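Taking it in order: structure first as structure tokens, then the write-up.
The values are calculated or read from the model by the stated rules, or taken from the named source; none is laboratory data. The shown structure was predicted, so the numbers you read here are calculated from the model rather than taken from an experiment. Cβ sites come from the backbone with ideal geometry, for glycine too, and all protein chains shown count toward neighbours. The accessibility values were calculated without ligands, DNA or RNA, using every heavy atom of the protein model including side chains. Shrake-Rupley method; radii C 1.70, N 1.55, O 1.52, S 1.80 Å.
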Amino acid sequence: MKIFKHSPFRGLGGFEKTLKTTTGRIKIKIPSSINEVTLGQLIALQDKPDVNDLEAISILSGVEVEQLQNVKNFDDLQQFGETVMLLSAQIARLYNSDNIPKKITFNLTGGATTVNVMHNLSVEPAGAFMAAREIIGDEIHDHITQYGADNWQDIFKPSLKACCQVLAHYFYCRATGKQYNEYEAEEFCAEIKKLRVTEALPIAKHFFMHYPSLSKPKTGYSLRLRQFWKKRQGSGLLKNLSTSTP
């Protein structure tokens, strides 16, 4: 019997049962409230659009599918069905939540670190801002390409992976105390996935829905400089042609 060592629900409330298997017994515990579901688990569920019952229980409990397949009586697993359905309904409502937490706690290698969530959610430093702008812009562009630009905000729901990436760039410096590094910020997604989805999703949603300027493509300085020189070169060429004409 093998259960993941780092189950995020150890010590938390939830629906728990000990079931008989072909080799003994196994304890299965899944969250009974959306407050106990992590962003990483929700991403894992979203990545499997055709997720079956065993896979859903595995993702929510941390018990491997192979172990669930050895439960003697399938009806025993049906007991978890109602709880999973309740969680599904809560997750659907969560997309409409604007309850942004005031503080977020990260359990990093050096110990727990609590970070204040800025009221205006300004993205800083510049590197984090540019990364967030690109992620948000790509996500909105993909949505509009698929569904059209008319009232896109009414039906737009950013992917959980994009939400995770934006939060990683937003929290990396604040949580680690390090200078911004794009690659390390991307790796910080692993820590963001450990956050409760009730904490992470409202913050990410705010970025996507309340900062429209982040989704607009910007003409970078280097691009404008190239455009400027092209115009200068073009006008110089025309001038040379006109003066050389007899």
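Worth a mention:
- Fully extended contour minus Cα-Cα distance, from E55 to A190, at 0.36 nm per residue: 46.5 nm
- Sum of side-chain charges, Y180 neighbourhood, beta-carbon under 11 Å (Lys, Arg +1; Asp, Glu -1): -1
- Cα gyration tensor category, rounded, prolate or oblate, for segment 7-159 with a/c compared to 1.5: prolate
- Which of I59, I144 is most accessible, then next, and so on - probe 1.4 Å: I144, I59
- Among V65, Q78, S97 - extreme Cα towards positive end, dipole of segment 50-101, charges at beta-carbon: S97
- Maximal additional length on extending the Q179-D154 stretch stands at 5.3 nm, based on 0.36 nm per residue less the C-alpha distance.
- Taking 7 Å steps out from each Cα toward its Cβ at E16 and M209 produces label points 3.6 nm apart.
- Dividing the mean sequence gap of close Cα pairs (under 8 Å, 6+ apart) by how many residues segment 121-194 holds gives a relative contact order of 37 percent.
- Virtual spin-label span in nm between K161 and N70, 7 Å along Cα→Cβ: 3.3 nm
- Dipole magnitude for segment 60-212: computed about the Cα centre from +1 point charges on Lys and Arg Cβ and -1 point charges on Asp and Glu Cβ, it is near 560 debye.
- Segment 71-116 shape via C-alpha gyration tensor axes, a/c threshold 1.5: oblate
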